[in-house]
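Colleague: This is the structure I have questions about; it appears just below.
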Amino acid sequence: MDEEAPLVAELSETKTQPKSHTKDLHILSFAFLLIFSAYGAAQNLQSTINTEQDLGTISLGILYSSFTVFSLFASLVVRFLGTKNSLVLGTTGYWLYVAANLKPTWYTMVPASLYMGFTASIIWVGEGTYLTSSAHSHAQDNNLHEGTVIGHFNGEFWGLFAAHQFTGNLITLALLSDGQGGSTSGTTLLFIVFLCSMTLGTILMCFLSKRGGKEDDGLSYSLVSFYSTMVSLARKVIAPLFDLRMLLTIPLIAYSGLQQAFVWAEFTKFIVKPALGESGVGGAMAVYGFFDAVCSLAVGRLTSGLKSVTLITCAGSFIQFIVLLWLLFKYSVTSGVLGTLYPLLMAALWGIGDGVFNTQLNALLGMLFKHDMEGAFAQLKVWQCLSIAVVFFLSPYILMQTMMVIMLVAICLSVAGLLLLTLQVEKAFSRTN
């Protein structure tokens, strides 16, 4: 009996050892880096390589319109499949879209865009739910402050995710820097390399742990009646719109989509290309991605609660506000060193702002809507993608100055909404105490 005592003690120590969930965080982050290094660079090239009848731009508009519509249903799909299965399935749309660029026609790009809109909606709702669930579990199992862990997890994920602009555009520069530009042979090799990167990302996603009690029995949802499914859908889509916290967050969500689309549709076309030429677009976007990644990692470490989210978001908004004023009133294309430096400086500052919005928005939703993460992250993608789609469809018809005025108004409304949200939550918290 005495001989067995050490073994029992050893087993009990093993059982009580805190479980770390950082492995899943690392896997998820690197998988997204591999997938979006390919997709992000391919997206940046659409307006320059698929120019016939604006195929590239229109396909992106279709993609984000599809993304918006399917985001309304994404939370149900994620609950049905489970977050891990949703993440793996979600990669297939990105793979198909990049593959369609090997033979870009209306018959390949449009169906690929529509399907990717569906898979993108579930991969992003799945990502937000999986990442926040991992952070909650890690905080509980290790007795850590929940807000701090959510901030750290979002900081690492969005830091590595933002690096996709840097790595993807460096690959583009390396393979297309010999002057082939939009030639078939150059782009064919590039997209084959992209497909290999995305395949590795999909394989890596398969090594994620399953999360949540319903993860393993997602197929049991097939027995749910049509009526209850529709009721659940209506609740997930409509109920958040009656929550004052979500209503105050929506302007910030919409602006985060606007500022991303501004880089893809306006900044590269009207600021970078005239100053640096078409070959300089990849370099400027690499600078943007580098500072986006560094900022995401840094501010994620500084995030600890609602007040820190508010302060950091206001700082990021102020930086982009200054850049917009600079572009609207002071900037003009010049030659020489300053003509090269100014677009790169703007790309760096804009990347810092994007890093702030990515990390803080996801941390904010994870803190406020922990009991309905699928619904909250579905709302995030609905409003983000709607604003992105609007920019892609409107950009050929409105002046850049008009777009910047719209964004200045949007950034003021989003900051005002965030400040009101902070006051409302703090007031409710003080009442409960």
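The values are calculated or read from the model by the stated rules, or taken from the named source; none is laboratory data. Model, not experiment: these values are computed from the prediction. Backbone-built Cβ (ideal geometry, glycine too); neighbour counts: all protein chains shown. Keep in mind that these areas ignore ligands, DNA and RNA; they rest on the heavy atoms of the full protein, side chains included. Shrake-Rupley method; radii C 1.70, N 1.55, O 1.52, S 1.80 Å.
Colleague: Compute the length gained on full extension between residue 335 and residue 99: take 0.36 nm times their separation in residues and subtract their Cα-Cα distance, giving the result in nm to one decimal.
Modeller: 81.1 nm
Colleague: Let me ask something else. Report the full-extension gain for the segment residue 143 to residue 199: residue separation times 0.36 nm, less the Cα-Cα distance, to one decimal in nm.
Modeller: Answer, rounded to one decimal: 16.5 nm.
Colleague: Out of the total accessible area of region 76-116 (probe 1.4 Å, heavy atoms of protein only), what percent is carbon and sulfur?
Modeller: Reported share for carbon and sulfur atoms: 76 percent.
Colleague: Near residue 293, within a Cβ-to-Cβ distance under 14 Å, what is the net charge of the other residues, with Lys and Arg +1 and Asp and Glu -1?
Modeller: -2
Colleague: What is the spread of the Cα atoms of region 55-134 along each of their three principal axes, largest first, in whole Å?
Modeller: Principal-axis extents of the Cα atoms in region 55-134, largest first: 40, 21, 18 Å.
Colleague: Something else about it: Where in region 384-404 does the amide nitrogen come within less than 12 Å of the point 7 Å from the Cα of residue 328, taken along Cα to Cβ?
Modeller: What the label zone holds, given the 12 Å backbone N cut-off, is 401-404.
Colleague: Among 255, 380, 162, which residue has its Cα furthest toward the positive end of the charge dipole of the chain, with +1 on Lys/Arg Cβ and -1 on Asp/Glu Cβ?
Modeller: Highest projection toward the positive end goes to 255.
Colleague: For region 279-333, with all protein chains present and a 1.4 Å probe, just round the carbon and sulfur fraction of the accessible area to a whole percent.
Modeller: 75 percent
Colleague: Shifting gears a bit: Scaled to the compact-protein estimate 2.2 N^0.38 Å, what is the alpha-carbon radius of gyration of the chain, rounded to two decimal places?
Modeller: For the chain, the normalised Cα radius of gyration comes out at 1.01.
Colleague: Hey, can you find the accessible area per residue of the chain for me, probe 1.4 Å, expressed in square angstrom?
Modeller: Per residue, the chain has an accessible area of 44 Å².
Colleague: With charges only on Cβ, +1 for K and R and -1 for D and E, what is the dipole size of the chain about its Cα centre, in debye, rounded to 20?
Modeller: Once rounded to the nearest 20, the dipole reads 1000 debye.
Colleague: OK, next. Students often check this: by mean Cβ neighbours within 10 Å, which of 131-143, 370-382 ranks highest, and how do the rest follow?
Modeller: Ranked by mean Cβ neighbours within 10 Å, highest first: 370-382, 131-143.
Colleague: In whole Å, how far is the Cα centre of region 271-341 from that of region 394-425?
Modeller: 17 Å
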